[in-house]
Amino acid sequence: MSRALLALVAFALVVLVVAAGRAHELSSGTLSLEERTPGVFAMRWTPPATPLAGAVAVRPEFPEHCSVLPRLVDCGSQGLVGPLVFAGLSETSYRVLGRIAWHGGREQSFVVTGESPSVELRGALASAGAGATLRTAREYLVLGIEHILLGADHLAFVLGLLLLVRRGRSLLVTITAFTVAHSVTLAASVLEVARVPTEPVEAVIALSILLLAVECASRRESLSRRFPWLVAFAFGLLHGFGFAGALAELGLPPHRTALALALFNAGVELGQLAVVVAATALTTFAVRRVPKLVRGERPLVYAMGTLAAFWTIERLRELVA
């Protein structure tokens with residue numbers, strides 16, 4: 001094993017420790033408003049999960065002229081215009097994804113966070129034109145990047161591939177195979193060409209990381225070492241269904257489904273590429289500047305395998321519960 005590959009230990013260990021237990025945890029709420037009659041909207045509101053004791057519940061606060069019922073918002077002749085504020089969202093790590101559909105097919109999508117817990121609504125005109133398209137593209141691109149960076153299980157698999165594959169060209173082919181595979185199943189699932197239940201997929205994803213850790217720890221010339229691209233492609237199909245499950249929770253704008261799907265997938269790839277580039281840069285720095293810090297890959301492999309075993313048991317328990 002080359003020193004460059006061994007230097008990956010420090011980077012990946014930090015990533016796994018920070019991200020442990022946070023796989024797929026986006027802590028998102030959703031708000032959907034559909035105009036039934038002029039100024040009257042049917043509302044579906046799902047707040048972000050607040051598992052911590054004493055956590056403040058997040059709730060939408062509409063402009064003052066709007067009357068709010070459990071599943072209805074009536075803004076009268078003034079329409080849905082003014083500030084929409086999400087009380088309780090400030091200073092939290094949660095986000096809310098919103099979609100407003102007006103008569104005539106016009107719509108607006110938005111994402112609010114604790115740093116910016118409100119959005120200004122300007123009626124149906126706010127959802128029309130290139131501005132709305134650009135907002136949708138930006139929002140889903142960012143969501144894709146955040147999902148891969150917060151998905152500890154997907155990151156662990158990518159880092160495992162970096163540990164398993166030693167040659168530059170072989171690594172490129174392997175990462176490309178993984179990318180192509182999960183892009184195919186992500187699109188197939190979102191477009192309802194193929195559907196797989198989320199719980200079994202999550203369990204098998206955890207198992208795939210455990211198997212990869214076993215292969216990294218072994219010195220024998222196995223199928224994974226001879227044809228790593230084939231293994232990456234096979235497991236990439238499963239990871240794509242995992243991405244699709246997360247995207248289904250976020251929701252897709254009905255009139256911009258293809259755009260949102262493409263940009264979410266592009267965000268995932270950019271985040272994945274950022275991890276590979278960062279690992280490579282840190283490797284180069286460690287080898288050139290502090291080679292004595294490079295001791296071996298086994299502690300990382302064992303840590304990755306332990307974490308994957310925990311995920312596997314936990315998800316299997318949830319599956320049979």
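Just so it is clear, none of the values below were taken in a lab; they were calculated from the coordinates. Just so you know, these numbers come straight off a predicted model, no measurement behind them. Don't worry about glycine lacking a Cβ; one is built from the backbone with ideal geometry, like all the others, and counts go over all protein chains shown.
Sorting 120, 192, 139 from the fewest to the most surrounding beta carbons within 10 angstrom yields 192, 120, 139. Length gained on full extension, residue 172 to residue 318: 49.0 nm, using 0.36 nm per residue less the C-alpha separation. The fewest-to-most ranking of 74, 153 by surrounding Cβ atoms within 10 Å reads 74, 153.
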